[in-house]
Amino acid sequence: MKNLFSSILGLSVGVVLAAPALRAQTLAELLQSIKPGQPVPASVAPAAAPVPNAGPAATAPPVVLDTKPAFMQVITNDFRVTNAVVVTNLVVVTNYSYTTNLFNSSGQLLQPVAPTLAGVPGAVPIAQAPAQPLKPAALAQNPAALKATQAKTVMELLTQSATAASQVLGSAGSFAEGKPRSILMPEGVTSFDRKKGQILLVAMNSAAEKAIPEAMTALAESAQRVAPPDPASVLKGPGDAATTYLLKTEGQELSNRILAVVRRTAGETGVRDAYRNVMLRGGGLLGAVLGTAPAVDTDAHITRGVVAAVFSELAAQEAKIRTDPAARKTKALEDAFSR
């Protein structure tokens, strides 16, 4: 019995230790998961759990939420004046006023309503202090308003980063040979003819460079759609937190849009002809021996290089905004990262 218990305990511990640790995907891992031309995965809602011993389907009409504003007036400034006269020739006058800031369900501040004080016989009139204007800090206490402000800041962070990245990637020769983002020969293509191989490399990188303006336009449009459920965690996250979130939510769709652009620019720069010359006329490893070679999707290869360059530069510009005060062009970004 003791040996059996030890075996079960050891097996349980082994299963626990073998369980993979959950962690967030890095930018490089997300880029590897993007496949140009693949359909955008749709979010699948979890199936409802079956109800045990459920009877016939209910015939009650569906619940309809009433979203019309309520006809209710809320007084946010409440003044209380108490006048007490005591027969011991002692007159006690107390003045107590307080102001509350109330918000409706849409996050809008309810404006104060001037109070109407009923006259009290024999009461000593007391001048009320003027209501103080609401300070902006009070609005920050409203969770709905705070979350909306943070979401807008994330959008501004990505938009400004995309603008700066566009200036870098859109410069002449941004994909030239020797540059970090230069597109290399596709896997499976080995050229023994240096000249033909060089022609293919130049054609692919020229196609990538010509695709950048439309790719950055698509990136800016994707940034405008960003709505993280927890924008505070994105703003407080690592230097590429916003870029990683954008890649995770919009990366596949953006890759497909860039692929459509690359197919056109690759035709303009002669990528397909250059590839055929390398693979079928003595340049390819298999072409030199068999006269043919497995087809390589050069358009998808170029697209992967463009997507990697776009998001890598976007992450670099985001990190710069987070760390360099001079790079912040809006007050929202200054407020978010100056603390």
### Query
Within region 162-185, which residues are in a loop (DSSP other than H, G, I, E, B) and either hydroxyl-bearing (Ser, Thr, Tyr) or buried (at least 17 other Cβ atoms within 10 Å of the Cβ) (or both)?
Ser171, Ser174, Phe175, Arg181, Ser182, Ile183
### Query
From the list Met216, Met185, which residue is more than 23 Å from Leu333 (Cβ to Cβ) and of a type in the set (A, V, I, L, M)?
Met185
### Query
Looking at Gly178, Gly173, which is the one that is in contact with an Asp or Glu (Cβ under 8 Å, 6 or more places away or on another chain) and on the phi > 0 side of the Ramachandran plot?
Gly173
### Query
If you go through region 317-339, how many residues are more than 12 Å from Leu235 (Cα to Cα), of a type in the set (Val, Ile, Thr) and crowded, with 19+ Cβ neighbours inside 10 Å?
0
### Query
Name the residues in region 176-205 that are within 32 Å of the chain's Cα centre (by Cα), in contact (Cβ under 8 Å) with a residue 12 or more places away in the chain and more than 18 Å from Val296 (Cα to Cα), would you?
Ala176, Arg181, Ser182
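Confirm whether Arg263 is modelled with pLDDT of 95 or more and not in a loop (DSSP other than H, G, I, E, B). I'd like the intermediate steps shown before the answer.
Working: modelled with pLDDT of 95 or more: yes; not in a loop (DSSP other than H, G, I, E, B): yes.
Considered against the rule, which asks whether it is modelled with pLDDT of 95 or more and not in a loop (DSSP other than H, G, I, E, B), Arg263 comes out as yes.
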### Task
Within region 247-258, work out how many residues are in contact (Cβ under 8 Å) with a residue 60 or more places away in the chain, surrounded by fewer than 22 Cβ atoms within 10 Å (Cβ to Cβ) and more than 16 Å from the chain's Cα centre (by Cα).
1
### Query
Restricted to region 206-246, and to residues that are among the charged types (D, E, K, R) and crowded, with 19+ Cβ neighbours inside 10 Å, which residue is farthest from Val271 (Cα to Cα)?
Asp240
### Query
Hey, any hits in region 237-253 for a residue that's assigned to a loop (DSSP other than H, G, I, E, B), aromatic (Phe, Trp, Tyr) and either within 22 Å of Gly37 (Cα to Cα) or out of contact with any strand residue (DSSP E or B) (no Cβ under 6 Å at 6 or more places or on another chain) (or both)?
no
### Message
Exactly one of these conditions fails for Ile212: (1) under 24 Å from Gln317 (Cβ atoms); (2) in contact with a Gly (Cβ under 7 Å, 6 or more places away or on another chain); (3) modelled with pLDDT under 95. Give me its number.
### Response
(3)
### Query
Which of the residues spanning region 186-206 are part of a helix (DSSP H, G or I) and either within 18 Å of Leu219 (Cβ to Cβ) or hydroxyl-bearing (Ser, Thr, Tyr) (or both)?
Ser206
### Message
Between Thr269, Thr249, Thr265, Thr244, which is hydroxyl-bearing (Ser, Thr, Tyr), out of contact with any Ser or Thr (no Cβ under 7 Å at 6 or more places or on another chain) and under 24 Å from Met204 (Cα atoms)?
### Response
Thr265
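The values are calculated or read from the model by the stated rules, or taken from the named source; none is laboratory data. On a predicted model such as this, the values are computed, not experimentally measured, just so you know. Note that we place each Cβ from the backbone using ideal geometry, even for glycine, and neighbour counts take in every protein chain shown.
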